[in-house]
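To keep things clear, I will list the structure first and then write my remarks on it.
The values are calculated or read from the model by the stated rules, or taken from the named source; none is laboratory data. Predicted model, so just to flag it, every value in this text is computed and none were measured. With ideal geometry, Cβ positions are generated from the backbone for all residues, glycine too; neighbour counts draw on all protein chains shown.
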Amino acid sequence: MMKILFLFSFSLFVFCFMCFLINKLKFKINRKRSFDLKKLSQNKKRLFVSFIIFFISAIFFHNIVFALILSVLYCYFDWYAQDKKMRKKAALIDKQVMEALNVIKNAVRAGQSLQNSIVTAKNELKYPIKSEFEKISEKLAFVASFDKVLEEASKTAISKEFKLMIDVIRISKDSGASLSDIFDTISDSTFQRISVHSKIIALTAQGRMSGNLVSVIPFVVIFMMYIIEPEMMECLFVTLTGNILLLIVVVMVITGSFVIRKMTEIDF
């Protein structure tokens, strides 16, 4: 029965995988028939790699549930790593926004246009905020509309402070207000927002640590119980019912960790 279930599930997976490649990925086949994985979006790349992990694990373990568990774990940890990396980059950009405001403000006071002041900021600032201004400068080099470029930069910004700065530049440009005075006001509000955000991170550190512990403890308990009573815990790995229960445990732990993580995130 297990062998029939495995063959049926494996065949269904291969069929779905081929449909996914043909209809969703929309990869381009050139004369050399090569496939560029780097051009895929992060979500499609994660889904593509999870399919490969599922495929290899199913062949190696001869267990569909184990393969599914590994695929789910990969998706979660890859999302967690990418999300942490993005938040770290956004935090660095937040700290550099005040410096960027000062550079643009001084350039405007020196008589430069707003577009030239953005180019000046690109040349004087450091990464990672330098990359944001480089994107804006590259789009302006193609004689694109300045308002449209600022609008796209605001939509794609990962930093809230950088997005606020771009939105204020757009509004002040259309309204004809004094950019220097507005930049001074933004600098003060940005400093206060960064201070509040630092306090929030410190106050929610315990909650984030609790979420990490909640994610680890069930697997530590399973490991310890397997060492103490291997015969009792063996059913989780050799029977279909045990595999399904183990999958449920993994999904519930990941869901709990995700919920706790979202509860400790405070938007302001």
Given the conditions (1) loosely packed, with under 11 Cβ neighbours inside 10 Å; (2) aliphatic (A, V, I, L, M); (3) in the same structural domain as Lys135 (by TED's automatic domain parsing), and given that Val220 satisfies all but one, which numbered condition is not satisfied?
(3)
Quick check: is even one residue across region 132-143 of a type in the set (A, V, I, L, M, F, W, C), modelled with pLDDT of 85 or more and surrounded by 16 or more Cβ atoms within 10 Å (Cβ to Cβ)?
yes
Options Ser154, Ser198, Ser187: the member that is assigned to a helix (DSSP H, G or I), touching a residue at least 60 places away in the same chain (Cβ under 8 Å) and within 30 Å of Met263 (Cα to Cα)
Ser187
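Let's see how each residue does on (1) charged (D, E, K, R); (2) farther than 30 Å from Asn212 by Cβ; (3) in the same structural domain as Ser198 (by TED's automatic domain parsing); (4) touching a strand residue (DSSP E or B) at 6+ places or on another chain (Cβ under 6 Å):
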residue	(1), (2), (3), (4)
Arg87	yes, no, no, no
Ala90	no, no, no, no
Ala107	no, yes, yes, no
Gln112	no, yes, yes, no
Asn116	no, yes, yes, no
Val119	no, yes, yes, no
Asn123	no, yes, yes, no
Ile129	no, no, yes, no
Pull up region 168-181, narrow it to residues that are hydrophobic (A, V, I, L, M, F, W, C) and at pLDDT below 75, then point me to the one that is surrounded by the fewest Cβ atoms within 10 Å (Cβ to Cβ).
Ala177
